Ligand SMILES: [Zn+2]
Ligand SMILES: [Zn+2]
């Protein structure tokens, strides 16, 4: 299904009811920079109206830090249904509270906050149970309901498939249910350590919870993007006996090695699964699939994706099913979207595997405890932070990040409201004319 068909289908189905709107009112005569989607590999930084309080529970945040996520590349490649031209992308951001609605009591103007990537109402049954990423009242996508049975929560900047909310790759963001979807950050925690509580810190932690990672167990992680690498880190902190980190990019494998992981470069292995068994003769207790559905190795799967016979590849799921220990656990944190072929369902049954979809991580359920670990120094998310850029360069950054150039891993994207880089974090760089250069200090 392409975006045109998806948008037509949504129109025919009619939006699901929600308890907040995804539109925003504009402040008169004020504009801001924001990254907008226009088509396959076509995103542009443009001047758009600044949002103002649209609903009484809203907070407007002046952004001091944002970033690009691996999952934004699915949008960049037009692989998410219901994208619409002009949508503002970005779901990981932090900033200073600039305006609050009449119902906002626990947050005030001037507070320093980080936003959850999901928009949860805080009141429905799922929110009350702590399953905030499954909030039932913020995603208007009837198409997702039709496809999955029930949709997940609305997300910032992730197409109308996720509710159509304007995102955080911008200078201001309207945050619905601000009291619930923003976390106050203590002054002594620098921006570069707080920003990633938006998504990758809770998401990577959630993956280890879902994979049942415990002291003394063995763990293998497929895909060493920021989430995969931080999942390695959490597993080590949890006391895993061995963590096997799998990727093909040398810088990423080196980072995993620094964390004390065993590493496998899959591009150099004829048979990845036998290599896993060489390290763990009984198979791995806990497998985490943190790669992405777009990456195919065989001709068959590539061809099937190309002609639309499947949307997602089953190659990595099948590797995890072969490599997992009998009665072991596999957690999928990679964002699979729809259908796959050649799935090795026999191994799932016959090996007694617990095969668990992580879902989007319920950020609000974890972020207090994870902030404590960051404050105490036990966990430092900046191990994956490699570069800093300005919001004006977001479009070039998407291109470079997509091509995995310059060793880009996790970036910090500053705005005109950002303080200078904190000690020990990357200085500002620029991507002018396709090359990476440091920006000289003034
Ligand atoms: Zn993300
Ligand atoms: Zn809810």
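The values are calculated or read from the model by the stated rules, or taken from the named source; none is laboratory data. Here the structure is a predicted model, which is why all the values come from computation and not from measurement. In this analysis, Cβ positions are derived from the backbone assuming ideal geometry, glycine residues included, and neighbour counts consider all displayed protein chains.
Values for this structure:
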{"read-out": "Every residue from segment 150-200 that is over 17 Å from residue 82 (Cα atoms), out of contact with any helix residue (DSSP H, G or I) (no Cβ under 8 Å at 6 or more places or on another chain) and more than 16 Å from ligand 1 (Cβ to nearest atom)", "value": "172, 174, 176, 177, 178, 179, 182, 184, 187, 190, 191"}
{"read-out": "Helices (runs of 4 or more DSSP H) wholly inside segment 158-226 that include at least 3 residues being farther than 18 Å from residue 62 by Cβ", "value": "200-210"}
{"read-out": "Residue 229 vs. criteria farther than 27 Å from residue 82 by Cβ, more than 16 Å from ligand 2 (Cβ to nearest atom), assigned to a strand (DSSP E or B) and modelled with pLDDT of 95 or more", "value": "no"}
{"read-out": "Test: residue in segment 269-278 that is under 24 Å from residue 377 (Cα atoms), surrounded by fewer than 23 Cβ atoms within 10 Å (Cβ to Cβ) and in contact with a strand residue (DSSP E or B) (Cβ under 9 Å, 6 or more places away or on another chain)", "value": "no"}
{"read-out": "Pair list, Cβ < 6 Å and 6+ apart or interchain, from segment 416-442 residues that are in contact (Cβ under 8 Å) with a residue 40 or more places away in the chain to residues that are in a loop (DSSP other than H, G, I, E, B) and surrounded by fewer than 13 Cβ atoms within 10 Å (Cβ to Cβ)", "value": "421/427"}
{"read-out": "Pick from segment 120-144, criterion touching a strand residue (DSSP E or B) at 6+ places or on another chain (Cβ under 8 Å) and not in a helix (DSSP H, G or I), ranking: farthest from ligand 2 (Cβ to nearest atom)", "value": "140"}
{"read-out": "All helices (runs of 4 or more DSSP H) inside segment 319-406 with 3 or more residues being closer than 28 Å to residue 187 by Cβ and within 18 Å of the chain's Cα centre (by Cα)", "value": "363-375"}
{"read-out": "Members of segment 90-119 found to be surrounded by fewer than 21 Cβ atoms within 10 Å (Cβ to Cβ) and within 16 Å of ligand 2 (Cβ to nearest atom), listed by number", "value": "103"}
{"read-out": "Residue check for residue 307: over 21 Å from the mean Cα position of the chain (by Cα) and within 23 Å of residue 355 (Cα to Cα)", "value": "no"}
{"read-out": "Among residues of segment 145-157, those that are in contact (Cβ under 8 Å) with a residue 40 or more places away in the chain, away from ligand 2 (no atom under 13 Å from the Cβ) and either more than 16 Å from the chain's Cα centre (by Cα) or in a loop (DSSP other than H, G, I, E, B) (or both), counted", "value": "4"}
{"read-out": "Checking residue 325 against (1) surrounded by fewer than 16 Cβ atoms within 10 Å (Cβ to Cβ); (2) more than 19 Å from residue 227 (Cα to Cα); (3) at pLDDT 95 or above, the condition it does not meet", "value": "(1)"}
{"read-out": "Residues of segment 66-96 classified as within 19 Å of residue 368 (Cβ to Cβ) and out of contact with any strand residue (DSSP E or B) (no Cβ under 6 Å at 6 or more places or on another chain), total", "value": "1"}
{"read-out": "Residue within segment 201-218 that is on the phi > 0 side of the Ramachandran plot and more than 20 Å from the chain's Cα centre (by Cα) present", "value": "yes"}
{"read-out": "Filter result for residue 14 (over 19 Å from residue 416 (Cβ atoms), away from ligand 1 (no atom under 16 Å from the Cβ), surrounded by 16 or more Cβ atoms within 10 Å (Cβ to Cβ) and in contact (Cβ under 8 Å) with a residue 24 or more places away in the chain)", "value": "no"}
{"read-out": "Failed item in (1) assigned to a helix (DSSP H, G or I); (2) crowded, with 24+ Cβ neighbours inside 10 Å, with residue 313 passing the rest", "value": "(1)"}
{"read-out": "Of the criteria (1) out of contact with any strand residue (DSSP E or B) (no Cβ under 9 Å at 6 or more places or on another chain); (2) at pLDDT below 95, which one residue 345 fails", "value": "(2)"}
{"read-out": "Selection from segment 212-222 of residues that are touching a helix residue (DSSP H, G or I) at 6+ places or on another chain (Cβ under 8 Å) and crowded, with 23+ Cβ neighbours inside 10 Å", "value": "213, 219, 220, 221, 222"}
{"read-out": "Residue within segment 235-250 that is in a helix (DSSP H, G or I), within 22 Å of the chain's Cα centre (by Cα) and either within 16 Å of ligand 2 (Cβ to nearest atom) or buried (at least 24 other Cβ atoms within 10 Å of the Cβ) (or both) present", "value": "yes"}
{"read-out": "Test: residue in segment 109-121 that is more than 30 Å from residue 419 (Cα to Cα) and modelled with pLDDT of 95 or more", "value": "yes"}
